[in-house]
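Here, each number is a calculation from the coordinates, and none is a lab measurement. In this text, all values refer to a predicted model and were calculated from it rather than measured experimentally. Cβ placement follows ideal geometry from the backbone for every residue including glycine, while neighbour counts extend to all protein chains displayed.
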Amino acid sequence: MGRGRLEIIAESLIEWVIRLCGISAIIFIFAIFLFVFKEGAEFLFNELDLTEFFFSKEWYPTSGYNKRYGVLALIVGTGSVTILAMLIAVPFGLGAAVFISEFCGPRLKESLKILIELLAAIPSVVWGFIGLTVINQLIIHVFNAPVGLNILNGGIILALMSVPIIVSIGEDALKAVPDSYREAAVAMGATRWQLIRRVLLPAAKNGLLAAALLGVGRAVGETMAVLMATGHSVNMPNSVLDSVRTLTATIAAELGEAPVNSDHYQVLFIIGLLLFSITFVVNMTADLIVRGVRKK
Amino acid sequence: MSSVESKSNPKGSGVRRFAESAGIRRKFRQEAMVKWLLAGATGMMLVPLILIIAYLVFKALPILSVGFLLDNPVKGMREGGVWAPFVGTMYLIVISLAIAAPIGVLAAVYLNEYAREGWFTRIINLAVINLAGVPSIVHALFGLGAFVLFAGLGRSVLAASLTLAIMTLPVIIASTKEALASVPMSFRQACWNVGATRWQTIRHIVLPNSISGILTGIILQVSRAAGETAPIMFTGAVFFKKVQQGDMFPYGLLDQCMALSMHLFTISTQVPGVPMELPYGTAVVLLATVLLVNICSIVLRVYLRSRKKW
Amino acid sequence: MVKQNPKIEISDLKVRYDDVHAINGISFDILENEIFGIIGPAQSGKTTLLKVINRTIDFSPEARVTGRVKVDGKDVMRVGNVYALRRKIGMVSPLPVGLPLSIYDNVAFAPRMAGIRERSQLDELVEKCLHQAALWDEVKDRLHSLGTKLSGGQQQRLTIARALSHEPEILCLDEFSIAIDPVTTMKIEDVLKQLRSKMTVILVTNLVQQARRLADRTAFMMNGELVEVGSNDVIFSDNPANRKTYEYVNGIFG
């Protein structure tokens, strides 16, 4: 019986370790929020004028006599690059998802998925470098622009970066449409295009929407690539050939120089909090939509 | 899906005769057009990928050599190779992996083997999803606040690895969970029936039979950890650190280190007058490291799937 | 027949899954070293009863168990060491399950988990159990090939060998013949006949004739209730205590 007792004690010990690891994700997500919040809290509650923060275009955190912390231009920068990226990535990504899910034989499908996996693996700093060199040159040549580091450049790079997640989630959504739908539509003489437009897209609508949303989340949070590719000037853009700066890039570029616990340093953490909130909402929404699909 | 394909692909002669009218011919043309359009969309993403990689390699060709990998950067990073940053990246990979792999695998074990359906499990799953979605620069802020300042680790290999570990944890959890779920329930019941404990069942039956999926996730973690820049920028990686030529283990746990990704960022944006082939070479080394790791994962997955035991 | 001691005593057992009543208050004893048949249509609570007896009901967290099941006089819902309890009971599920291990390791799994490490002892056990399950002759030359690659019938006998490997006092078979061919079924039935009087066997079956052929006593369950329990002479006679038993046994409904 001695062995039995030992067995039971060892078992419950292991179970507790596993439980602890199980809740680690909750611990970490809270810790991230808390620590980012903690570093910026003092300034957020005492000095920061939220109206100015959100609605002023003036970002002069290091100015000698009149520091101003307006992030509107940065939000517009993030927004414009993200929107352009999605305008490119969503149609291409969903198109590719449909192609892979509905038109490919198993072999081609497997190879394409592997290629897309590799596309997803390219580090963001390499994308940034590609933007800095290849796409920069292309834009200068094609548009006769003085510099090629702008919204267009960042948008293209971000599109290429978000496409893999859109394809893989989109393909999952299409896979979830029962084959019986396809068979029924084909039996009634629908062409493949009609099948896709009238049956598959409506049935997989939510999943595809979630795919696009996750793409947005990815694009909003991307740092190194946009830091290197968008030209890094705080600016309200007039066209896609204008340089901008994003929220993420601002943190990456300025945190190194901001003295710990200075106003500037704290504002950067507040921007981090803003980013955290945006991606949190986007991810939650995407998850709710996907869950809605499963319930049906 | 293949059954649908054969039905909707009217190649049979009977169908051909049926397809004589103009309306149906137009339908076929439309079909072909849609197919090529979608194939084009897919190609538009993948062709640039191949072209760009080819271009990078072409530009880097003059400098790529064994010496480039084994030499340290010298003369203000305007000459030399990438050894110091390369080793730094290896450090970050190994240490972050040692932290993230056990926690991630056990977390997945909890979610798949122990957790009951309910609000609590739902919250854990949401936390995993959100953790995966936190922007890398926010992870950097967290690492700075928590590990560098609060825990007092300073900017160090350890702090950077911890930050990377937390960032890559969801990758491991998600893929391990999927792998565990693919082991049939009946195996577990059979073990419980003969008096095996939950953990014995997991240890002897569930984990060994989901190892391919688990390894795939872990390898993906490695590839992400190798490529990330933002999370290590403020937590441990530095622009430049002097390393003795040929030193295999140049960094201590509490030292700062160089890293390939950071090095590429530095020499392509921060240092003026760097000869162009240097960043190209660095980009290719980084890209090769990451893609090699990924290809290993794919090969392993295919191999292990081919010798599945049931 | 000699008066035997009860091995398992079931009194007023009720099991509920959320709001579905799987077992609705049943009471009867299963005697030592008898073959006890349980028959009844689907959804009558037979499998749930077995899960309570070896406490694998624990793995269905939504199940609520009230009443009492005693094995050797001890309430199973209160035993401290469920693993020891489960080792006392061999369980064979409806669908054959070869673990993704070699044939040898399949049978040696339970003894190893219980702490037996010695090679010679394991060898002996494995051979004995495979003999008992009438599988030895077919697999003795390939003990180290995968158990999952055996045929369905062989896997079911492997499952039985595994259930015997921890030398249980009670062997439960849950509709073991569902997924296997008649020849294997007959082989296993022969195995059971040889086990008679060596251990208590609970034979849950959807084949009325199987219970009639093998069991000493049989219980008829329906919709979570016990309709009738008694010796086979009574249950399978022309006038059992309950009319429904007669109708079910003779295929008038079911």
(Q) Order A:248-261, C:95-108, C:207-220 from most to least packed using the mean count of other Cβ atoms within 10 Å. (A) C:95-108, C:207-220, A:248-261
Q | Size-normalised alpha-carbon gyration radius of segment C:23-112, reference 2.2 N^0.38 Å | A | 1.22
Q.
Of C:227, C:6, B:64, which is farthest towards the positive pole of the protein assembly as shown's charge dipole, taken about the Cα centre with +1 and -1 on the beta-carbons of Lys, Arg and Asp, Glu respectively?
A. C:227
**Q.** Simple spin-label estimate for residue C:225 and residue A:138 in nanometres, 7 Å along Cα-Cβ
**A.** 7.6 nm
Q. What is segment C:146-192 by shape, rounded, prolate or oblate, if you read a ≥ b ≥ c off the alpha carbon gyration tensor as root eigenvalues and call it rounded for a/c under 1.5, prolate for a/b larger than b/c, and oblate otherwise?
A. oblate
Q.
About the Cα centre, and with charges only on the beta carbon of Lys, Arg (+1) and Asp, Glu (-1), how big is the dipole of chain A? Nearest 20 debye, please.
A. 1180 debye
Q. Per Stokes-Einstein, at 4 °C and 1.567 mPa s, what whole-number D in µm² s⁻¹ belongs to segment C:11-67, with the Kirkwood radius over Cα pairs as the hydrodynamic radius?
A. 108 µm²/s
Q: Within segment A:1-99, report the GluC sites (Glu not before Pro) that DSSP leaves as loop and that have at most 11 other Cβ atoms within 10 Å.
A: A:47
Q. Tell me, what ³J(HN,Hα) does each residue in segment C:44-50 have, in order and in whole Hz, if you take phi through Karplus 6.51 cos²θ - 1.76 cosθ + 1.60 with θ = phi - 60° and put x for Gly and Pro?
A. 9, x, 5, 5, 4, 4, 4
Q: Compare the peptides C:85-92, B:272-279 by average per-residue count of other Cβ atoms within 10 angstrom and give them in order, highest first.
A: C:85-92, B:272-279
**Q.** Residue pairs, from the table C:128/C:187; A:109/A:175; C:51/C:74; C:46/C:128, whose Cα atoms sit over 20 Å apart
**A.** C:46/C:128
Q) Points 7 angstrom from Cα along the Cβ direction at residue B:22 and residue A:11: gap in nanometres? A) 7.9 nm
(Q) I'd like to know which of A:27, A:12, A:37 lies farthest towards the positive end of the charge dipole of segment A:2-46, counting +1 on Cβ of Lys and Arg and -1 on Cβ of Asp and Glu. (A) A:12
**Q.** log10 of Debye I(q)/I(0), alpha-carbon scatterers only, for segment C:6-248 at 0.07, 0.12 Å⁻¹
**A.** -0.23, -0.68
Q: Please quote Rg/Rh for chain A to two decimal places, taking the Kirkwood radius as Rh and restricting both calculations to Cα atoms.
A: 1.08
Q) Share of Cα-Cα pairs in segment A:86-224 beyond 18 Å, in percent? A) 60 percent
Q. Using the C-alpha gyration tensor of segment C:69-137, what are the square roots of 5 times its eigenvalues, in whole angstrom, with the largest one first?
A. 26, 15, 12
Q: Would you calculate the volume per residue, in Å³, of the smallest convex hull containing every Cα atom of segment A:2-46?
A: 62 Å³
Q | Cα-projected label distance for residue C:116 with residue C:144, points at 7 Å along beta-carbon direction, nm | A | 2.1 nm
Q | Hits among aspartates and glutamates - C-alpha to C-alpha of residue B:242 under 15 Å, sequence gap 8 or more where chains match | A | B:71, B:79, B:255
Q.
If R₀ is 41 angstrom, what is the calculated FRET efficiency for the pair residue B:305 and residue C:212, using the beta carbon separation as r and rounding to 0.05?
A. 0.30
Q. When you look at the Cβ of every residue in A:132-142, what mean number of other chain Cβ atoms sits within 10 Å?
A. 2
(Q) Show me the ranking of peptides B:84-92, A:63-71 by mean Cβ neighbours inside 10 Å, starting with the highest. (A) B:84-92, A:63-71
Q. Ratio of segment B:76-224's C-alpha Rg to 2.2 N^0.38 Å, to two decimals?
A. 1.25
Q: Quantify how strongly other chains surround peptide B:44-52 by giving the mean number of their Cβ atoms within 10 Å of each of its Cβ atoms.
A: 6
Q: Convert 10 °C to kelvin, take the viscosity as 1.306 mPa s, use the Kirkwood radius over C-alpha pairs of segment B:185-256 as Rh, and evaluate the Stokes-Einstein diffusion coefficient in µm²/s, rounded to a whole number.
A: 97 µm²/s
Q: Could you give me the radius of gyration and the Dmax of chain B, taking only the C-alpha atoms into account and expressing both in angstrom?
A: 25.3, 80
Q: Count, for each residue of C:86-99, the Cβ atoms from other chains sitting within 10 Å of its Cβ, then give me the mean as a whole number.
A: 4
**Q.** Under 19 Å from the residue B:254 label point (7 Å along Cα→beta-carbon), backbone N, segment B:151-180
**A.** B:151-163
Q: With 10 Å bins from zero, work out the P(r) of segment B:169-310 over every alpha carbon pair and list the percent per bin.
A: 10, 27, 26, 18, 13, 5, 1, 0
Q) For segment B:231-302, which trypsin sites (Lys or Arg not before Pro) are in a loop by DSSP, counting at most 11 other Cβ atoms within 10 Å? A) B:242
(Q) Net charge within 14 Å of residue B:275 by Cβ-Cβ distance, Lys/Arg positive one each and Asp/Glu negative one each, not counting residue B:275 itself? (A) +1
(Q) What percent of all Cα-Cα pairs in segment A:155-296 falls into each 10 Å bin, going from 0 up to the bin containing the maximum distance? (A) 11, 28, 27, 18, 11, 4, 1
Q. Tell me, Kirkwood radius of segment C:68-209 from alpha-carbon pair distances, in Å?
A. 15.5 Å
Q. So for segment A:147-208, what percent of the C-alpha to C-alpha distances run longer than 15 Å?
A. 61 percent
Q. Just how large is the dipole of segment C:1-120 about the Cα centre, in debye to the nearest 20, putting +1 at every Lys and Arg Cβ and -1 at every Asp and Glu Cβ?
A. 300 debye
Q. Taking the DSSP beta bridges in the protein assembly as shown as the whole, what percent of them are antiparallel, to the nearest 5?
A. 60 percent
Q) How fast does segment B:121-196 diffuse by Stokes-Einstein, in µm²/s, taking the Kirkwood radius from C-alpha pairs at 4 °C and 1.567 mPa s? A) 87 µm²/s
Q. Do any trypsin sites (Lys or Arg not before Pro) in segment B:42-116 lie in a loop, going by DSSP, with at most 11 other beta-carbon atoms within 10 Å of their beta carbon, and if so which?
A. B:75, B:116
Q | Selection from B:296, B:104, B:38 lying farthest towards where the dipole of chain B points positive, charges on Cβ | A | B:38
Q.
Two decimals, Cα atoms only, Kirkwood Rh: what is Rg/Rh over the protein assembly as shown?
A. 1.06
